[in-house]
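**Student:** To start, I am sharing the structure in question, which I have written as structure tokens.
The values are calculated or read from the model by the stated rules, or taken from the named source; none is laboratory data. Since the model is a prediction, treat every value here as computed from it, not as a measurement. All Cβ positions, glycine included, derive from the backbone under ideal geometry; neighbour counts span all protein chains shown. Side chains included, ligands, DNA and RNA excluded: accessible areas come from the protein's heavy atoms. Shrake-Rupley method; radii C 1.70, N 1.55, O 1.52, S 1.80 Å.
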Amino acid sequence: MLEQDKIKLILIDDHKLFREGVKRILSMEDEFEIVAEGDDGDAATQLVSDYKPDVVLMDINMPGVNGVEATRNLAAQFPDIKVLILSIHDDESYVTHVLKTGAAGYLLKEMDADALIEAVKVVGSGGAYIHPKVTHNLIKEYRRLATGERGAPSTNEQEIGYKEVEYRKPLHILTRRECEVLQLMTDGYSNRMVGEDLYISEKTVKNHVSNILQKMNVNDRTQAVVESIKKGWVKVR
């Protein structure tokens, strides 16, 4: 791969061991080039100014200027730079607040290597990436708020179980297997978890996800899930 084709990365995390682990994983990919690393938000701003990366992987809890403040500063000063947040927090209100500061992605530190690589590729190519577990929590909160806005369910609805989204499989564009994968994506499953649930390889899952994105004309998993919910193609459970 040509040097100019690589996604240039900066790693910002005050835990050196974790940073080294991320660096080791990403260094194995020919598409990535790690140009600098630092351990706080002040370093992030200076390093971005010096190296002009494509993506900054940003820890959220750091001494001094934390990841939220640093992301807000970067979004204001360098709007073309993409920030991918690394965090231990999966609370939906926390995630929403961070994304409002200008982050292009949110990844939990419990992620596996494949999820990390996928997230960097998606964000680096201009898309948005939210960890599947976080996406599921956001969807649950959206459903709770939407339900509240419509008022409390009736006694009959309580007895049968209130359903905000009617389940209609999109068989006009997706195969049955792709419908199953799409539902599990909505449930917050990672590719590995989908494979285990459906007894197929993770590589096969990736192929199905790629087909789903292409057929739905969306850029990433999050968009696919959101659009599927809007169309009533999946259950929110």
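**Student:** Convert 25 °C to kelvin, take the viscosity as 0.890 mPa s, use the Kirkwood radius over C-alpha pairs of the range 176-231 as Rh, and evaluate the Stokes-Einstein diffusion coefficient in µm²/s, rounded to a whole number. Working shown, then result.
**Tutor:** Numbers: Rh = 11.0 Å.
Reported coefficient: 223 µm²/s.
**Student:** Tell me which residues come under 5 Å, amide H to amide H, from G38 once H is placed; ignore anything under 5 positions away on its chain.
**Tutor:** L11, I12, D13
**Student:** Express in Å², to the nearest 10, the accessible area of R176 obtained by rolling a 1.4 Å probe over the protein heavy atoms while all chains stay in place.
**Tutor:** Accessible surface of R176 is approximately 150 Å².
**Student:** Any idea what the dipole of the range 176-231 comes to, in debye rounded to 20, about its Cα centre with Lys/Arg Cβ at +1 and Asp/Glu Cβ at -1?
**Tutor:** Using only the charged Cβ atoms, the result is roughly 200 debye.
**Student:** What lysines could a cross-link reach from K206, if we take a straight Cα to Cα line under 18 Å and drop same-chain neighbours fewer than 8 places away?
**Tutor:** Within the straight-line cut-off, K206 pairs with K121, K133, K215.
**Student:** Oh, and also: Relative contact order for the range 176-231 using alpha-carbon pairs under 8 Å, separation at least 6, rounded to a whole percent?
**Tutor:** It comes to 32 percent, rounded to a whole number.
**Student:** Continuing with this model, one more query. Strictly over 18 Å apart at the Cα level, which of K8/K82; K82/K230; K6/K82; K8/K52; K23/K109 would you flag in this model?
**Tutor:** Details: K8/K82 11 Å; K82/K230 27 Å; K6/K82 15 Å; K8/K52 8 Å; K23/K109 14 Å.
Flagged as over cut-off: K82/K230.
**Student:** What's the percent breakdown of Cα-Cα distances in the range 7-140 across 10 Å bins, shortest bin first?
**Tutor:** 13, 50, 33, 3, 0
**Student:** Solvent-accessible area of T135, probe 1.4 Å, all protein chains present, reported in Å² to the nearest ten, please.
**Tutor:** T135 has an accessible surface of roughly 10 Å² with all protein chains in place.
**Student:** S201 accessible area, nearest 10 Å², 1.4 Å probe?
**Tutor:** 60 Å²
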